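Have a look at the structure below before the remarks.
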Amino acid sequence: MFALLKKSRKTRPPAKKTERLLQVGEREMPITIREHHQASRITLRIEPGGRALRLTVPTGLAKREIDAFLLRHDGWLKVKLAKFSHDSGLRPGGTLFLRGVPHRIVHTGSLRGLTERTEEDGEAVIRVSGLEDHLGRRLSTFLKKEARADLEILVARHAALVGKPVKSLSMKDTRSRWGSCSWDGNLSFSWRIVMAPPLIIDYLAAHEVAHLKEMNHGPKFWALCGTLCPNMEEARRWLKQNGSQLHAIDFS
């Protein structure tokens, strides 16, 4: 009988998930509605960057109840979404942060050439070639390369201190987390972190490396993380206050 009970838990049907668009003021927001068997109430979440919504509801909740909930929270959503500016600034003459330093975007007009950081008359700039329509894509590719260069060095340094090997390191554009660590030593990072100051990049590397030894967020984990990055609390505050703005930049 115990075996049958265990089997029934494993065969529970997957959570139902639907996606649709929700009109919030002048914005048309994509919203994911996910049923969860353990949910006892409706939970509404704005995804990092303010570009999407996530709604978790009890299993079998009627659509009219979901619609009524969203209507009641329309004002709340308008206020919360107002803080997200969807003007990314990714245009010639605009500004892009690299390692916490504002850089002016210069479109060279040339169809060929590397995207590179340089200085012009003492001002930090990022020079981008190619068609202007491809500006965002070229900048994101540049940031991925820069993020990997920084994180490979930082991860190697922290991993040596904890005495744990790193199997692989990958760059992703995740919205729900800044990094992750698997049981077998695969580390993943959001390349957007390279727009933050060096302290924040170092903290993220230390955080994920600490998971190589402590696969949890218990006291031992935070103690190890603080040893690797003494300014950990300052970095965590910065990410909490500014992280959503990095996610909000649209490179598409």
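The values are calculated or read from the model by the stated rules, or taken from the named source; none is laboratory data. Bear in mind that the values here come from a model prediction, so they are computed numbers and not experimental data. Every residue, glycine as well, gets a Cβ built from its backbone with ideal geometry; the counts of neighbours run over all protein chains shown.
Remarks
- The residues listed here are R237, R175; of these, the one that is surrounded by fewer than 18 Cβ atoms within 10 Å (Cβ to Cβ), assigned to a helix (DSSP H, G or I) and among the charged types (D, E, K, R) is R237.
- Tally, over segment 51-101, of residues that are over 18 Å from the mean Cα position of the chain (by Cα), in a loop (DSSP other than H, G, I, E, B) and surrounded by 12 or more Cβ atoms within 10 Å (Cβ to Cβ): 8
- Filter result (hydroxyl-bearing (S, T, Y) and in contact with a helix residue (DSSP H, G or I) (Cβ under 8 Å, 6 or more places away or on another chain)) within segment 104-163: T115, S129, S140
- Checked against the criterion of being buried (at least 16 other Cβ atoms within 10 Å of the Cβ), modelled with pLDDT of 95 or more and out of contact with any Phe, Trp or Tyr (no Cβ under 9 Å at 6 or more places or on another chain), the candidates F142, F189, F251 yield just one match: F142.
- Options R148, R137; residue that is part of a helix (DSSP H, G or I), basic (K, R) and touching a strand residue (DSSP E or B) at 6+ places or on another chain (Cβ under 7 Å): R148
- Take the conditions (1) farther than 17 Å from R192 by Cβ; (2) basic (K, R); (3) not in a helix (DSSP H, G or I); R157 misses just one of them, which is (3).
- Of all residues in segment 215-227, none satisfies being over 18 Å from D250 (Cα atoms) and within 18 Å of the chain's Cα centre (by Cα).
- Any hit, segment 63-77, residues being at pLDDT 95 or above and either of a type in the set (S, T, Y) or over 25 Å from N242 (Cβ atoms) (or both): no
- Whenever a residue of segment 161-173 is over 20 Å from A147 (Cα atoms), its partners that are basic (K, R), lying with C-beta atoms within less than 7 angstrom and at least six residues away or across chains, give the pairs V162/K213; K164/K213.
Yes/no per residue for (1) under 24 Å from R237 (Cα atoms); (2) modelled with pLDDT of 95 or more:
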site: G113; (1), (2): no, no
site: D121; (1), (2): no, no
site: H134; (1), (2): no, no
site: L151; (1), (2): yes, yes
site: V155; (1), (2): yes, yes
site: S168; (1), (2): no, yes
site: S176; (1), (2): yes, no
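- Among (1) under 24 Å from H103 (Cα atoms); (2) in a helix (DSSP H, G or I), the one test that F221 misses: (1)
- If you go through segment 210-233 and keep only what is crowded, with 20+ Cβ neighbours inside 10 Å and out of contact with any Cys (no Cβ under 8 Å at 6 or more places or on another chain), you end up with L224, C225, L228, C229.
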